[in-house]
Each structure stands twice: as structure tokens, then as C-alpha cells.
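Everything on this sheet refers to the single structure shown next.
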Number of protein chains: 2
Amino acid sequence: MTLVADTVADFTEGGLIARIQERLPPAPAWMVVGIGDDAAVVEPARNRLEVLSVDALVEGVHFDRAFTPPAAVGHRALAVNLSDLAAMGAAPRLALLSLALPAALPIADFDQMISGLTALAARHRVHVAGGNLTRSPGPLMIDVTVVGTVKRRQALTRGGARPGDELWVTGTIGAAAAGLQMLKAGKGATTEGTETNGGHGQNRLPCPPSSSVSSVVAPCVHRYLYPEPRVRIGSLLGRNRAATACMDLSDGLADGVHQIAEASGVGAIIDAGALPVESAAREWFDRRGTDAVVAAATCGDDYELLFSVRPRDGRRLAAALRQGDAPLTRVGQCTVDRAVILRRDSGDHPLPRGYAHFR
Amino acid sequence: MTLVADTVADFTEGGLIARIQERLPPAPAWMVVGIGDDAAVVEPARNRLEVLSVDALVEGVHFDRAFTPPAAVGHRALAVNLSDLAAMGAAPRLALLSLALPAALPIADFDQMISGLTALAARHRVHVAGGNLTRSPGPLMIDVTVVGTVKRRQALTRGGARPGDELWVTGTIGAAAAGLQMLKAGKGATTEGTETNGGHGQNRLPCPPSSSVSSVVAPCVHRYLYPEPRVRIGSLLGRNRAATACMDLSDGLADGVHQIAEASGVGAIIDAGALPVESAAREWFDRRGTDAVVAAATCGDDYELLFSVRPRDGRRLAAALRQGDAPLTRVGQCTVDRAVILRRDSGDHPLPRGYAHFR
């Protein structure tokens, strides 16, 4: 007798939708028509602007199923979108899922992927309002659209920084990039095709790391697999107008500095010594002879926020820090001169741009 | 000297976004933050509910690039979503695009795909508010999220039909299914993996059809490639409350009747002789010995609307017909008995369900 695991191909579209629905809390009162009709109908939030974002995770580009737990795929697919809303100062409200599923995807993996997503959605009170399911003849793709709200004049853009504004970053950087390298090393096989913004599986490492190694590996791998979008601090920065510009570090801090500088028409000087490189990541990069500062600044997947603050708004920033859930670090300053500089002990250098998607 | 056509891999993400932006009209006044930031920010419509839908077109599942002009891929990707909004009685407002692009996609195809989408968007005053671009290691995927608006109590669902209500359909059915068969026949090669809801290329038929054949082929192929979402009539039916339930025929009329019957807790009798089968499609099916009524009723891609009407609301329906841009045909009636019946000269038969996505 052969036991064959059930795959998504053993289910109807309705059967798969039912498995998503049973993982959702009851619909909020503002949902007028939910999953199961041609479209979702919602009552808009009063006196708020609406903020919309869409982002896709594609197998073989953003994650490798060989070392990515399905729950991490689901978590990341929503997290990257919530991070975009956080960068606008918006509070998330609802999400739409569009899934392209290979026929051979085990139903257990489907369930775990959905659970990873709905668990994060529940923590941020994001309602899954609808979506779409289709077969994929190739990679697994998970496309998430999120809608959030923000009060007028509290939306944060990339374009509001002025010369003299300080540049700040939430949390630490570099851990996700180190985590990806660790997962690739653990997998053994090369995964050259996988971009740094992927998702990977700590609990599937071929060899469980020794305890001395695991103090370096565990935090980095976890940060890579389950990034925490900075929803609370983003919302606080918008609400008390502490920040003049903001964006998320999906493509790395260096990319973020360049984007804010270009959108705002300023330059910037980043102080290499001030960058909050995650200590476990620094240790990992140091051991391999990699420049930890450059690696942490140019690699993506951190999903921290980079924002600019007028020096006179220090009290507002202190309030956001008190009420928020993330450490904040001043890393540099905006300048009249349009150059974007990394200041090191060895002198000033142009800040590299980091990853470009299509070249 | 070898000339190699430029592909999307020769461009940066920013370069591709710029090619999309140059195909868009100026942003409407309600766009607060447009393409280029972490997310789009919009002013909601006043005193309206919001209607949201997402749908994906996947190469090899919904279309075959061998005989699908890129413009048709773009057109269809938006059309299927606008059709969902039309089925809710909603007026479309904005769209978000998420594209997963094979590196070898010629830039000319990318441009035509975007032009096909933006041309339809312009006709329906849908603003492309943002999106996402990524590489695909496999098929081309185009995922569109649309947001529309509808007045409270004017949203049409699938669940409002009552026994005795008449069932009506817009336009004609069967042309898209026949068009797909024609394209497959023209291509020669089998495309068994392609679902009926695909998109295909009339202008790439290997042999130009003779003029007598083309009067059958041209209307069907065109309907398959460039379906016209019933935005105007859907909106009218919602506004004057002529319809008690409504859905679009993306998966065929038979599926639509079953869905409305299940959601409304009724049965239905469909009069086979009344079905508005497109004459060119009927001719095509007849020639091949296919039952034209069953083929037209069970195949998808028509993107017409099926809706129910209280017999006493005939005047409202007449008003919608006068102001609308589509013929309307009465095809049956809702019943207390929960069976869903196709009534033919030969007697009553259960109405087949049509296509199921994952089995």
C-alpha cells in the first residue's frame, strides 16, 4: 500500500477557500459583503485617507521552498505589505490574497502557509476580505494587496526631508541578510537565483546548529523568516508628525537613503559607526571576512523604517520612542549637497545603492 | 552582426515603472500620493461603500503567449476584474497591478501589454494607482486588484434572488468559448493545459482565415481576446434596483445559475431555447457536431452578467435596458424547488455545472 499525501489538486476551489475561511476570525462590522461573492464590499473608515499597497512573493525569486517553512511564506507575504503601510504612517485594515498554486503543493503546506498569514493578520487586526485562487504551472506565487487608513496630513511620504533633518532607523539591520546566508550555507546547494528578499526555514536546517553557533544563527534566521513589520512605530511617527519623510528598508538601508534623498531633493551623510548592525549578524559577517557595515547597509529584507526628523522635533520623536515598541537610532543627516555619503574612519565614500531588481 | 530584441531584463525596475507611467493619463484629484512611494494614498469617495476584487491571469493556465497578443493579455487582466465590480453594481475607480515577468519577455511585449490594460482603464476612467514588479522564473503572471464604489443598498450580491424571480442575461454567450477553440485549431499544437478562461491572438493565426470563415471566426476570437466588461449595465441595475441578485459569467452561465441558486436558497429552470447563443458560435459548434446550447452554457469567459428580477420590477428593467449598452434576454426563472434544470424540447435535464478549477 502506498500512502500519497493530499495536494491542493485534490480539492475544489471552494474547498480551498473554506480552509482559508476557517482560519479567519469573525468579520468586523464594516465588512458588508465578505468572501464568496464576485467582490468584497466594505464600509470605508470615516475621515481617513486610504492607503493601498500590493506585493508578491515568487518561489525561486523571493523564497526557496527547500528551506522555507510554508508558515514563513505566508507570514512574509503579509509582512512585506504591512511594512509598506507602516512606512506611510498608516494603520492596516484589510488584505486580499491572490494565490497561484502548483498542483503538487501538499495541502498541509497550503494550510500552514495560510495559518502563517492569518496569525500575523490577527495580531495586527487585518481582515482577509477576499482573494483569488488559481493553478500555477510553475512556481508558487502569493500576491497580497493591503488597504489601510491614515488621517489627512499624517501620511508619511519619501519626499518630505529637508537639509539639516536627522536620519533615524528603527531596530537593527543586517540580521535578515545574514540569516539568508546561513540558510543557504545550511542547505548546501547554491541558490544563486534567490534574491535577498526571500523566506527560509530554520526548522528545516539539515544539521541542527550547535549551541554556540545557534546564538548567532537563531536570531538572524528568525529575522529573515518572520520579519516584524513596524506598524506601531510607523503609525506613531505619522500621528505625532515626528517624521518628515519615511520609507521601509525592504531593499536595504542604502537604497532607502538614496530613495528619500532623491524624492526629497537632498543629499545625506550616513555615519557608518552609528549604524545599528545586529550583533549576531556582525559576528557572522566578521567571521567570513565580509565588511559588516556595507553588508548590513546594502542588503534587503530588514523591514525596518528609515525616517527623517527635524532637529527641533526631538520631543515628538522622544514621545514616539516612549510609546513605540522599537529602539530608534540616529544614523545620519540630510544635506544641501546632493551626494549620498557613507562616513567612515577611513574617510567619506559614496554609499553603494544595493540591489536592483531587473538588471 | 546579430540583432537581439531588448527584454525586460535590460531595464531597471524604475525604467519599467516609467514605461507604465507614460501610458497613464494625469492622476485624478483624489489621488493624494501616486506611483513611486511605499504605497498609494487616496481620498475615498463620499457616501459610498467600497468594492474590492483581485484576479490573476497566469500564462499556461489562462492564456498562451504563442497565440495571445500582449495587448489582449493586458486588456483581459483588467477586464475580468471590472466584470467582478460590474456584477456588484459598482463603478470602478482604481487598479493596482502586480506583474511577475520572465526575464526573456521582450520589452515591446511588455509595452503592448501595458497599453492594452491602460486603454481599457482609460475608457472606464480607472486610475492605475500603483503596483509591484518582480521577476518570474516561470510563467508570466499579471495580477490586478480593482477598487470601485457603490451606494449603500445598491450593491448587488448573489444572494438576493427569490422564487418567482426571472433570470436574465446580458449580451450573448458562447462566443468566447468558440473563439478559444478556433485559436487552438489555428495554432495546431494542443493546448490542453489552458483553461477556457484564457486570452489568445487573432492577429497571430498561422493562416489568415478565408472571408467566409472569418465571419464566424472574427467575432468569436475578438470576444475571447477583448471581452467587454458590463460596467454600465451593472451600475444601472444596481442604481435603479432592477436586479435582486447578480453575478458575472466568468465561469459560464451554468456555473452562474448554480451560484445564484445556492447563495439565494432557490432552484432555477433555464429555458434552453431562450439562451442568447452568439450566432457565429452556434454555427461553429454545429459544424463540429457539438451541442451548441450545452457548450455555450457551460463554457466560461463570456463576462456577461446573469441577474434576477422580480416580475413586478419590469419597468425598472426596461429603464436599465433603455439607458444601457447591452441587449438583455430572459432565460429562465427561480423556483422554490432547489433543483437547477435545463428545459429543452426533449424534456427537463439537470443543468451541468461547468468548469471546476482545482479538480
Column: log10 I(q)/I(0), Debye, Cα scatterers of the stretch A:279-353, q = 0.12, 0.22 Å⁻¹: -0.48, -1.21
Two-site label geometry, B:Ala274 and A:Glu262: point separation in nm, points 7 Å out along Cα→Cβ: 5.9
Structure-based [θ]222 nm, chain B - -39500 (n - 2.57) summed over DSSP H runs of at least 4, per residue, nearest 500: -10500 deg cm²/dmol
Alpha-carbon centroids, the stretch B:129-144 and the stretch A:1-65: separation in whole Å: 18
Nm distances between copies for A:Arg46, ranked from closest, using label points 7 Å along Cα→Cβ: 1.6
Shortest-first nm distances, B:Ala5 label point to equivalent points in other copies (7 Å, Cα→Cβ): 4.0
Label spacing, shortest first and in nm, from A:Leu321 to its equivalents in the remaining copies (7 angstrom along Cα→Cβ): 7.2
Rotation relating A and B, chain B residue nearest the axis via C-beta, angstrom: B:Gly138, 1
Rounded, prolate or oblate (a/c below 1.5 giving rounded, otherwise prolate when a/b exceeds b/c) for chain B by Cα gyration tensor: oblate
Ascending count of other beta-carbon atoms within 10 Å, so fewest first, for A:Thr170, B:Thr134, A:Thr12: A:Thr12, B:Thr134, A:Thr170
Mean separation of Cα contacts under 8 Å (6+ apart) over length of the stretch B:166-350, as relative contact order %: 39
Sorted by Cβ density within 10 Å, fewest first, the residues B:Trp284, A:Trp30: A:Trp30, B:Trp284
Exposure proxy order (Cβ contacts within 10 Å, fewest to most) of B:Arg241, A:Arg158, B:Arg282: B:Arg241, B:Arg282, A:Arg158
Cα pair distances of the stretch B:166-350 binned at 5 Å [whole percent]: 1, 8, 17, 19, 19, 14, 11, 6, 3, 1, 0
Vicinal HN-Hα couplings computed from phi for the stretch A:158-173 (Karplus, 6.51 cos²θ - 1.76 cosθ + 1.60; Hz; Gly/Pro x): 8, x, x, 6, 10, x, x, 5, 7, 9, 10, 9, 7, x, 10, 10
Phi to ³J(HN,Hα) by Karplus 6.51 cos²θ - 1.76 cosθ + 1.60 over the stretch B:289-298, Hz, x for Gly, Pro: x, 8, 5, 4, 5, 5, 4, 5, 7, 9
Taking chain A and dividing mean pair separation by its residue count, relative contact order in percent (alpha carbons under 8 Å, at least six apart): 22
Inter-chain Cβ neighbour average for residues B:124-135, partner chain, 10 Å: 4
Rel. contact order, % - alpha carbon contacts under 8 angstrom, at least six apart, the stretch A:46-150: 48
3J(HN,Hα) from dihedral phi, the stretch A:321-337, Karplus parametrisation 6.51/-1.76/1.60, rounded to Hz, x for glycine, proline: 5, 4, 7, x, 10, 9, x, 10, 10, 7, 10, x, 8, 7, 10, 5, 4
Amide proton proximity set for A:Ile341, modelled H, under 5 Å, gap of 5+: A:Ala268, A:Ile269, A:Ile270, A:Leu351
Average partner coverage of B:90-100, which counts Cβ from other chains inside 10 Å: 3
Equivalent ellipsoid semi-axes - Cα gyration tensor, the stretch A:25-159, angstrom: 27, 18, 12
Diffusion constant of the protein assembly as shown at 10 °C, which comes from Stokes-Einstein with the Kirkwood Cα-pair radius and 1.306 mPa s, µm²/s: 59
Paramagnetic reach from B:Arg338 in the stretch B:148-165 [backbone N under 19 Å; point 7 Å along Cα→Cβ]: B:158-165
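All of the numbers you see were taken from the coordinates with simple rules; none came from a lab. Note that the structure is predicted; figures quoted are calculated from it, not measured. Positions of Cβ are generated from backbone atoms using ideal geometry, with glycine treated the same way; all protein chains shown enter the neighbour counts.
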